[in-house]
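This report refers to the structure that appears directly beneath it.
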Amino acid sequence: MEASSLQRVIEELKRLPGIGTKTAQRLAFFIMKMPTEQALGLSRAIEELKEKIRFCSVCGNLSESECCDICSNPNRNPRLICVVQEAMDVMAIEKTGQFRGRYHVLHGALSPIDAIGPDELNIKTLMQRIQQEPIEEIILATNPTIEGEATAMYLAQLVPSRSSCTVSRIAHGIPVGGHLEYADEVTLAKAMEGRRRL
Amino acid sequence: MPLYDSEAVVLRTVDFKEADKIVTFLTPGHGRLSGLARGAKRLRSRFGASLEVLTHGRLVYFDRQGKNLIGINHFDVLRSFQGIREDLMQSASCQYLAELAMRFVPEREAAPECFALLLGALGQMEAVKDPEALLRIYEIQFLGLLGYAPRLDACVQCGRKAAAYGFSSKQGGLVCGSCGSALKDVASVSRGVIHFWRKASDLAVNRIGRIGLDGRLNGELKQILHRYLLYLLGREIRSFTFLERLRKEFGSLRAAR
Ligand SMILES: [Zn+2]
Ligand SMILES: [Zn+2]
């Protein structure tokens, strides 16, 4: 039986995170039964993604041009920079529609045991930006993990040594819709610490 | 399936697939244990923020015969050491201690003293003025627990006492001048270093954070201990490299304040 093209799709799908042999087989069969137009649409979308998408040379966000839509938007506040670990985090914050400043994507967090130090992150460009752009505040929105915290503390020491920008850290606490009794003690303590006056 | 229950400290977490984590613990009864925490990456996971590196907790797990990974049932936080996480030097120092345990403590072999030492260091880290002295004492005691304590009262090769010694990683101890002249890896070692090494070896775990160490002596001791650890491990200790970089980068800044 000549099933090699199907087998190839299965093998390629298995490279994706969280996809094992069974899921890959199911997806491959699904694609096989799809209308040709839809299946080709998927393959073209992937092709375009790889051809067009790159990292913004200013902030490191995903972009279809040298400079991303956010960096080139004159209505975004150039004095406010939100530093995040991944481009996915930019998307998450953009979905809130609440932040009007610009971003800087580090592409990771400091993790000494994995040999990810400051040079492996997009920090050099950030240091250039704080000297060249009219930035007044850097908001550190790295994850509340040991790696994210270390990254935030590293930048909180580095930035003031190179500029007069204010450095702030996003608050951590109870998720909206969550219940206090189910929150772990660390989250609760952080939420208490980050309280504000009403 | 029987459930086991043990005290544990999280040494390392690695993301696995979309939502899971592989977590490595140090336990007193079974040394290093790695397990799969299903759904741990999800924001509302039942593990909450508990499975974070350096967290001390109570681990409930199952262990299937023939499987390398344990199944993590739950992990209740006893101490999160939040203060350490919020200080860059302390955090990097403790991540270094965790890496030492990752690399040196064997899997599934009892290591109650290594566990007590790590927990003791984490408990005292927040209160120390400079983590460096604590790190040196830790390295000395940790090496001793692993069976690598050097002979400090005489030459390890000929057994004679000498007026001055060198340190050989390969021989695992002090060597006298004449024995040392035939060896290639001998580093000079001062009386101060030998004296501190002896004193540090005998300290009770609850006192390892209370001893000071002057900068010059620390520099000398750090180099000898690090070379010895590298020799034993046969590979770079990445968190040490990171820690040294931080010292270089921010050391002058700190002094200026
Ligand atoms: Zn951009
Ligand atoms: Zn000798």
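Any read-out appearing in this document is the output of simple, stated calculations on the displayed coordinates, not a laboratory observation. Just so you know, these numbers come straight off a predicted model, no measurement behind them. Ideal geometry is used to build each Cβ from the backbone, glycine not excepted, and the neighbour counts take in all protein chains shown.
Quick check on my link table: of A:K14/A:K124; A:K52/A:K124; A:K33/B:K67; B:K161/B:K199, which ones sit more than 28 Å apart, alpha carbon to alpha carbon?
On the way: A:K14/A:K124 36 Å; A:K52/A:K124 25 Å; A:K33/B:K67 39 Å; B:K161/B:K199 19 Å.
Check vs 28 Å cut-off fails for A:K14/A:K124; A:K33/B:K67.
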- Along principal axes, Cα extents of segment A:154-198, largest first, whole Å: 43, 25, 15
- Message: Using only Cα atoms and rounding to the nearest 10 degrees, what angle (0 to 90) does helix B:215-233 make with the longest principal axis of chain B?
- Response: 70
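For segment A:123-165, what D do you get in µm² per second when you plug the Kirkwood radius from alpha-carbon pairs into Stokes-Einstein at 20 °C and 1.002 mPa s?
Working: Rh = 10.8 Å.
For the chosen part, D equals 198 µm²/s.
Taking every pair of alpha-carbon atoms in segment B:132-186, give the share separated by more than 17 Å as a whole percent. The partial results should precede the final answer.
Numbers: 593 of 1485 pairs.
Tail of P(r) above 17 Å: 40 percent of Cα pairs.
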- Using the C-alpha gyration tensor of segment A:4-52, what are the square roots of 5 times its eigenvalues, in whole angstrom, with the largest one first? 19, 15, 9
- segment B:66-184: equivalent-ellipsoid semi-axes (sqrt of 5 x gyration tensor eigenvalues, Cα, Å): 35, 20, 11
- Item | For q = 0.12, 0.13, 0.15, 0.17 Å⁻¹, Debye-computed log10 I/I(0) when each Cα of chain B counts as one equal scatterer | -0.76, -0.87, -1.08, -1.28
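Could you pull out the longest piece of chain A with no exposed loop trypsin sites (Lys or Arg not before Pro) in it, calling a site exposed if DSSP puts it outside H, G, I, E, B and it has at most 14 other Cβ atoms within 10 Å?
Working: sites that count: A:R15, A:R79, A:R100, A:R195, A:R196, A:R197.
Free of exposed loop sites, the longest segment is A:101-194.
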- Message: At q = 0.07, 0.09, 0.10, 0.13 Å⁻¹, what log₁₀ I(q)/I(0) does the protein assembly as shown have when each alpha carbon counts as one equal point scatterer in the Debye sum?
- Response: -0.47, -0.75, -0.90, -1.28
- Compute the acute angle (0 to 90°) between the alpha-carbon long axis of helix B:238-256 and the principal axis of greatest extent of the alpha-carbon atoms of chain B; round to the nearest 10°. 70
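In deg cm²/dmol, rounded to 500, what helix-only [θ] at 222 nm does chain B give when every DSSP H run of at least 4 residues adds -39500 (n - 2.57) and the total is split over its residues?
On the way: 8 runs with 104 residues, N = 257.
Using -39500 (n - 2.57) per qualifying helix, the result is -13000 deg cm²/dmol.
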- Calculate the translational D of chain A in whole µm² s⁻¹ from Stokes-Einstein, where the hydrodynamic radius comes from the Kirkwood formula applied to all Cα pairs, the temperature is 20 °C and the viscosity 1.002 mPa s. 107
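As a test of the formula, what do you get for chain A when each DSSP H run with n ≥ 4 contributes -39,500 (n - 2.57) and the sum is divided by the residue count, at 222 nm and rounded to the nearest 500 deg cm²/dmol?
Details: 7 runs with 85 residues, N = 198.
Helix contribution divided over all residues of chain A: -13500 deg cm²/dmol.
Suppose we keep just the DSSP beta bridges with both residues in the protein assembly as shown; what percent of those would be antiparallel, to 5?
Values: 40 of 56 bridges.
Roughly 70 percent of the DSSP beta bridges within the protein assembly as shown come out antiparallel.
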